[in-house]
Amino acid sequence: MQLFRPLLPAREWTRIEKYVVSDAGMGTDVFGTTPEALGLGYALGYWLHRHYFRVVSEGHEHIPATGAAVIAGNHSGVLPFDAVMLGTDVFRNTEPPRLVRYMVDYFVFRLPFLGTLFRRMGQMPGTRRNFDGAMEEGHVVGVFPEGAAALGKPANRRYELHDFNPGHVELAARHRAPVIPFGLVGAEEQQTMLADLRPLARALRLPYFPVTTTFPWLGPLGLLPKPSRYFIRYGAPLWIDPEALRSVEVRRREVERVRDAVAEQIRLGQETRKDYHEGRA
Amino acid sequence: MSTPDAPDRSGRADVVPGAAAESPGNGPAPGTLREGSRRIFIAGARRRVAVHLIERMLATPDVEVILAVDRGACPPALLGCDPERFVYASADLSRRRQVDNLFLLDRFRDQPFDTVLHLAFVGNPHGYDFASHEFNVNAAQHLLDASLRHEVTKYIFLSSDAVYRIGPRGDYKVREDAELNLDPKAHPILRDTLDAEFICRAKMDFPGCEVMVIRPSGVFGGGVISGMNLLFESNPPILPVGFDPMINPTTKEQLAHDLLLATFLRGKGVYNVAGKTVGPLSKFLEERGIRPRRVPGPALQAVNRMQRMLGLTRYHAGFHPKRLYYSLVLDDAKFERVFRAHADKVAAVAKHLEV
């Protein structure tokens, strides 16, 4: 922890210390979150947020200060730095700070150290029960409805949204929680995906195996993202029709509504980026 | 028979007889106090938790008599018990005739048992052979059959949390309806535990008897043969590098308390039972001043085997191989709601019970 202290200003450490982890008896909450791991994750995320990806964001007022919410948006960039930046951005710009709990792909929890670290930072495997648990405990749940495969979008399909899985809509309807749509611009440019080696991905049980302009040519270093600036926009909360739990038609309509809202935030984000680069923002 | 207004001889005032206590179409509501005094058959009396449970039960006036059964001699801790209320018998529960004979003992023929607790499951992987397998499955079958034939009104089988499938896609809290470990390559003890559970579950709709399966999380306590306890008693515990699963172990005292509630209160079905504290395995070790050693995952079973050969541990890493890698936190909200929430009713008859 002390090693990472210089990465964060003192006021941010104060915010971390103030973040309440509901102690289940051993200094962690029931999900395994520890303040130490949160501090570590946030310190690294904060440094990337501020100095590497230089995130510009707006619309934080749409994130509820308390209670459960689902935050859903686009996914891209070969490695999920977008998720890290979104989580950091929400934590940094909400008062009291809110931790985004992601439903993480199972394979992460098979890996020594990484799985444990993710769990200690409040992330969990994407099972229905975990979704429900996080919502019941009043957390913000982060969802990428396009799925992990969207990270491996080829360069010629940038900012095209894949079909959305309906899970987030069902979850929000079941718990009467709002869906906060967000659009994230900039992650698509951090890597240029040329091809996806699907047979190799299947053999390694990965959602995709990327060939980019730098990977695998430069080895693992080739996976490091370019420091492209991120623009994140949060839209107004969407309240899901509870009928989505009973009607496939309503569910499909609600999923489309969320997808359209995300597409709109991406479009606005791209405009903001253009204005920013032209010096108007 | 007591009435709601007049406490009976033991001070019990919470018996809610008749229609008021009945759940729709299913007899008395779960969580209400069973009427009358208890005549209890306990199989597996040499287990630590059984000894603890018997001591507690004998301190309860509403327990009329206990027949404790196991193979071998009576545990020393129970030798001084009142012979009017406690009988120990040595029998092989895998033999149908011997099980029947226990129900037909002179003392219990006219006043039969109303509760059977099956705690006799052989759960030690060390030297687990065909005879152990035969004992586990047959004892479960014969004991339940005999209980139903002799009109026992409550049958409780103490299972294990090892029946749950665990892995990287685990739930943060595992409910009773979670996926079971039906892997045919699983350790024979797990397969036999599931067999015994299924035997019980097949009879759960039997109208005259409330059949319960209790799945406790790892149980701590001196001499307890649970995986978690054996790991903690190892010198030193060996854990895989880079993993720190979440657990919520219980203690033998707490488990005995929960079994007592299950004995006195109505309710049937499958229930998880766990401790209140949830945390990473490493924190539980740290709290007890135990320093584990960590080895790379692929070497874990070999190191564990060597430790066993040297007599440094009785923990068997091959029994439940994913246990030290992935979290298993039992959700016992159902037991809490049906039983612990009504502990005050039992406390009225068992003065020593902490509510």
Seminar exercise, completed: Reported set for segment A:127-137 where residues are at the interface with another protein chain (Cβ under 7 Å from one of its Cβ atoms) and closer than 11 Å to A:Phe31 by Cβ is A:Asn130, A:Gly133
Exercise. Here is a list of conditions, (1) crowded, with 16+ Cβ neighbours inside 10 Å; (2) part of a helix (DSSP H, G or I); (3) without any contact (Cβ under 8 Å) to a residue 40 or more places away in the chain, and A:His162 meets all of them except one; can you say which number that is?
Worked result: (2)
Problem set entry | Odd one out for A:Met124 among (1) within 14 Å of chain B (Cβ to nearest Cβ); (2) within 21 Å of A:Arg11 (Cα to Cα) | (2)
Seminar exercise, completed: Cβ pairs under 7 Å, 6+ apart or interchain, first in segment B:194-214 and over 12 Å from B:Gln141 (Cα atoms), second in a helix (DSSP H, G or I) and of a type in the set (Lys, Arg), ordered by first then second residue, are B:Val213/B:Arg201
Exercise. Could you say whether any residue in segment A:193-202 is farther than 25 Å from A:Phe107 by Cβ, at pLDDT 90 or above and not basic (Lys, Arg)?
Worked result: no
Exercise. What single numbered condition from (1) within 14 Å of another protein chain (Cβ to nearest Cβ); (2) touching a helix residue (DSSP H, G or I) at 6+ places or on another chain (Cβ under 9 Å) fails to hold for A:Phe113?
Worked result: (2)
For this session: Return yes or no: is B:Gly318 in a loop (DSSP other than H, G, I, E, B), more than 12 Å from chain A (Cβ to nearest Cβ) and on the phi > 0 side of the Ramachandran plot?
Result: no
For this session: Taking only segment B:26-69 into account, find how many residues are charged (D, E, K, R) and touching a His at 6+ places or on another chain (Cβ under 8 Å).
Result: 1
For this session: Could you figure out which of (1) away from chain B (no Cβ under 14 Å); (2) aromatic (Phe, Trp, Tyr); (3) under 22 Å from A:Ala177 (Cβ atoms) isn't true of A:Tyr102?
Result: (1)
Exercise. In segment B:70-127, which residue that is part of a helix (DSSP H, G or I), modelled with pLDDT of 90 or more and of a type outside the set (A, V, I, L, M, F, W, C) is surrounded by the fewest Cβ atoms within 10 Å (Cβ to Cβ)?
Worked result: B:Pro76
Exercise. Given A:Met85, A:Met124, A:Met103, which one is surrounded by fewer than 23 Cβ atoms within 10 Å (Cβ to Cβ), of a type in the set (A, V, I, L, M, F, W, C) and closer than 23 Å to A:Ile63 by Cα?
Worked result: A:Met103
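The values are calculated or read from the model by the stated rules, or taken from the named source; none is laboratory data. Keep in mind that this is a model prediction, so the values were computed, not measured. Virtual Cβ from ideal backbone geometry, glycine too; neighbours counted across all protein chains shown.
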